[in-house]
């Protein structure tokens, strides 16, 4: 039997009764040895409280933030837990999950971009039946435990306490890596195929993987070249095991003709997931086996098409939240998209969960550079700041320059030629 997953509870003392309720709903998981909880009330007399909190935050696999106005106002919660927890999450060492226990303005908090529980961030105390809120949270946590980062438990010291888990260290700029394969792992255009070694798994991957178990409507937000389409490709591969999955690029059949759009849309639906001539037929398919519609470039819908298509899509997903998943890609928020198409009915904005795709971090850029042949690595790492400046950390741009450097190095070009290739902005896509 695998060791239990360590769960750290961070909360304001004014929310202690709510923490007790959550622990009661998690009792079955604790009894089965699936999780093990810790919070500051378990600090014994005479212990160094700050050291104990730091130790358990660093050892936790999952860190729960029980969010309320008092939690947001607490300097201890912010300084001792939130900062440390988010740093571990960025390093891929832990999952951080905000749980909104009381209504508050948490949308500007440092963790606001993370998918919160209960569903749609509705505070526990706002639910008419509070046990239903806790049930939603438990189901969400179980999904996160299946999909989130899971490292091996750190060794236990003779005193029985787990030492702080070391963060993963990004490659040093002077380190030599093993020579990569001769096949170019980088790609200059289009979504990265699943077998490409140069795909960098990021925070958005974990957020989307967890959200797919709970949310019927998901929008992937990010600027051009940020990797939305590549993330959608991987989502398709993940969902195919459990759902009839249809993956469409809406830009490919952009038209002002509503009838022509629907004709093409349902033709492609039938090719990928079975007979469905209209929305009712699609709903019928979902009753036999859950479906997922993955729609890239939703922003290319014209206003006339969007005003009919989006409400029907929304209705399909909300009508059966278990059987239907809709994931779309947009460069803007769903609210901005709907407003631009004249869809100002608030119900069309309800139910969407936003997953933000952000620029590459230093460690993620280093991961890509480590796939270059050694001569190209040395040049790229020596001029890493220039790559960051020109690419603006956009994955597509970094992929393009790495693709060019890889080809040049494999052709045996000298360092001067590699440097010239790096400085050629045409190489950045």
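The values are calculated or read from the model by the stated rules, or taken from the named source; none is laboratory data. What you see is a predicted model; the values in this text were computed from it and never measured. Neighbour counts are summed over all protein chains in view; Cβ atoms, including those assigned to glycine, are modelled from backbone coordinates with ideal geometry.
So here's what we get for this one:
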| item | result |
| --- | --- |
| Failed condition for residue 196, given (1) touching a helix residue (DSSP H, G or I) at 6+ places or on another chain (Cβ under 9 Å); (2) in contact (Cβ under 8 Å) with a residue 40 or more places away in the chain; (3) within 19 Å of residue 398 (Cβ to Cβ) | (2) |
| Test result for residue 126, out of contact with any strand residue (DSSP E or B) (no Cβ under 8 Å at 6 or more places or on another chain), buried (at least 19 other Cβ atoms within 10 Å of the Cβ) and in the same structural domain as residue 51 (by TED's automatic domain parsing) | no |
| Residue 386 more than 20 Å from residue 116 (Cα to Cα), outside the structural domain of residue 143 (by TED's automatic domain parsing) and touching a residue at least 24 places away in the same chain (Cβ under 8 Å) | yes |
| Residues of the stretch 90-121 that turn out to be within 22 Å of residue 75 (Cβ to Cβ) and assigned to a strand (DSSP E or B), as a count | 5 |
| Filter result for residue 308 (within 21 Å of residue 264 (Cβ to Cβ) and either outside the structural domain of residue 87 (by TED's automatic domain parsing) or out of contact with any strand residue (DSSP E or B) (no Cβ under 8 Å at 6 or more places or on another chain) (or both)) | yes |
| Hey, residue 70 touching a strand residue (DSSP E or B) at 6+ places or on another chain (Cβ under 9 Å), on the phi < 0 side of the Ramachandran plot and at pLDDT 85 or above or not | no |
| Sole residue being more than 26 Å from residue 114 (Cα to Cα) and in contact with a helix residue (DSSP H, G or I) (Cβ under 9 Å, 6 or more places away or on another chain), chosen from 217, 268, 298 | 268 |
| Tally, over the stretch 266-290, of residues that are buried (at least 19 other Cβ atoms within 10 Å of the Cβ) and either within 23 Å of residue 307 (Cα to Cα) or modelled with pLDDT of 95 or more (or both) | 3 |
| Elements of type helices (runs of 4 or more DSSP H) contained in the stretch 1-89, each with 3 or more residues being buried (at least 19 other Cβ atoms within 10 Å of the Cβ) and under 26 Å from the mean Cα position of the chain (by Cα) | 49-59 |
| Residues being more than 26 Å from residue 361 (Cβ to Cβ), crowded, with 20+ Cβ neighbours inside 10 Å and touching a residue at least 40 places away in the same chain (Cβ under 8 Å) - total across the stretch 100-123 | 1 |
